[in-house]
Amino acid sequence: MTKPKVYVHGSYIGTTGYNQHTRDFFRELSKHLQLKVRNFTIGKTWESFNNTPHNNEPYINEIDKSILYEQILWNDKGGRDNYKIYSDKSKEFLHDLNIVLCETNHHLFYDGYNGPKIAYNVWETTQQPEEFFNKLKEFDELWVPSKWQRDVTIKQGYPKDKIKVVPEGVDIHTFYPEETTHELTSDGRFKFFLAGRWDYRKSTKEIIETFLNTFNENDPVDLIVSIDNPFQEMV
């Protein structure tokens, strides 16, 4: 059986949650079909454009090099251009469909695509911005990670026969139970752990306020936070 040929588009390079999700998802998908990636982002090690521009990123592996196909860069006219990277003749195939995996209202959802196109989007609220929601309706199918997002998207008006739940997986080689001790977690006090950048979308301020209003300094309870935000201007 011939493997489907898929052209995927997203923010593959970087260390944000969306970068990690995009990278892990496409890495796994590449094991089951023929895939090439058009990448929107650059990492901290970027110096200038070349055929192997992301080799110094600490997470880059051979799978990444085998599927990265194009790099999107802004030009001096305010537009975007595509440049070939990690050249390999095996990537020069005509694709059967497109998958666009990006955050809400990203530029890539508004690009033109040859052939069927699937949008994969993760969103935290009950409604999408109207302009973007109408753009999603132009896709042949919409993938979301949870039944909750499918339900609220249908409630907003998306055709229920065009939306599928595709859960986000867990990398068991990175996240797995183990017996460890640490001074923060072995003092007998109950711990809440909050992970996610300081952002209104994550309700960070409200979570901290709720903890402070619920417990006092005499309660054997702690809140541990990991909430660094590299995009301070977005807060």
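The values are calculated or read from the model by the stated rules, or taken from the named source; none is laboratory data. What you are looking at is a predicted structure, and each value in this text was computed from that prediction instead of being measured. Cβ atoms come from the backbone with ideal geometry, glycine included; neighbour counts cover every protein chain shown. The area values use the complete protein model at the heavy-atom level, side chains included, leaving out ligands, DNA and RNA. Shrake-Rupley method; radii C 1.70, N 1.55, O 1.52, S 1.80 Å.
Taking loop as defined by DSSP and a crowding limit of 15 other beta carbons within 10 Å, which GluC sites (Glu not before Pro) in segment 120-165 fit?
Passing both the DSSP loop test and the Cβ count: 124, 138.
With a 1.4 Å probe and every protein chain left in place, tell me how much accessible area residue 161 has, in Å² to the nearest 10.
Surface open to solvent at residue 161 totals about 110 Å².
Counting heavy atoms of the protein chains only and a 1.4 Å probe, report the per residue accessible area for segment 99-235 as a whole number of Å².
That works out to 68 Å² for each residue.
So what does residue 182 come to for accessible area, using a 1.4 Å probe and Å² rounded to 10?
90 Å²
With the contact rule set at Cα under 8 Å and sequence spacing of 6 or more, what percent relative contact order holds for the chain?
It rounds to 14 percent for the chain.
For residue 118, what residues show an amide H to amide H distance below 5 Å, using hydrogens built from the backbone and excluding near sequence neighbours?
Distant-sequence amide H within range of residue 118: 98, 99, 100.
Give the carbon-plus-sulfur fraction of the accessible surface of the chain in %, rounded to a whole number; probe 1.4 Å, heavy atoms of protein chains only.
Looking at the chain in its full context, I get 53 percent from C and S.
Excluding residues on the same chain fewer than 8 positions from residue 147, give the lysines whose Cα lies under 25 Å from its Cα.
Candidates past the 8-residue exclusion: 117, 135, 137, 155, 160, 162, 164, 202.
Non-local amide H neighbours of residue 35 (under 5 Å, H modeled in plane, Pro and chain starts lacking H): which ones?
6
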